[in-house]
Amino acid sequence: MKTSVFGRKVENIEDLDPQAKEGILQARRRREDDPADVVRKARLEVARGNPLWSELEEIDLVRRPPGYLVSASTDEVFWLYRGAVFAAWSASMIPDSAALHFYVDAAGDLVFLERLPDRGQN
């Protein structure tokens with residue numbers, strides 16, 4: 001399992017120094033009991049199972065003014081989706097057939113994006 005530590009990916013938690021390893025393990029144990037984390041995990045499962053939604057890697061997205069995110073690998077341009085995606089405190093989706101994109105941020109939250117049309121398209 002990949003873990004993000006101070007902005008870098010670590011393939012194996014065993015590669016960390018003992019203090020960092022223990023801090024991550026304690027945080028994981030706390031999160032397992034956290035109701036918000038249960039909802040977060042359920043929402044991620046729903047998002048990954050939705051055929052209309054595509055998961056992106058946060059590390060591939062480059063921030064550009066005035067609030068755009070550009071994929072470094074595909075040059076697609078995205079911005080934050082401002083609509084409601086899930087009902088409050090649940091993994092129940094708000095009925096919508098929008099083709100959205102999402103990534104999981106450093107805090108483990110889902111961030112939804114909509115793709116802007118290519119330039120020259122109406």
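All of the numbers you see were taken from the coordinates with simple rules; none came from a lab. Because the structure is a prediction, the values reported are computed rather than measured. Positions of Cβ are backbone-derived with ideal geometry, glycine not excepted, and every protein chain shown enters the neighbour counts.
Treating only the Cβ atoms of Lys and Arg (+1) and Asp and Glu (-1) as charged, compute the dipole magnitude of the range 34-115 about its Cα centre; round to the nearest 20 debye.
Using Cβ point charges on Lys, Arg, Asp and Glu, the range 34-115 gives about 200 debye.
Debye sum, Cα scatterers, the range 34-115, no solvent: what log₁₀ I/I(0) at q = 0.14 1/Å?
Results for the range 34-115 at q = 0.14 Å⁻¹ read -0.47.
Ranking Ser73, Ser92, Ser97, Ser54 by Cβ neighbours within 10 Å, fewest first, what do you get?
Ser97, Ser73, Ser92, Ser54
Taking the inverse of the average 1/r across all pairs of different Cα atoms in the range 72-122, what Kirkwood radius in Å do you get?
Numbers: mean 1/r = 0.0786 Å⁻¹.
Taking the inverse mean of 1/r over all distinct Cα pairs, the range 72-122 comes out at 12.7 Å.
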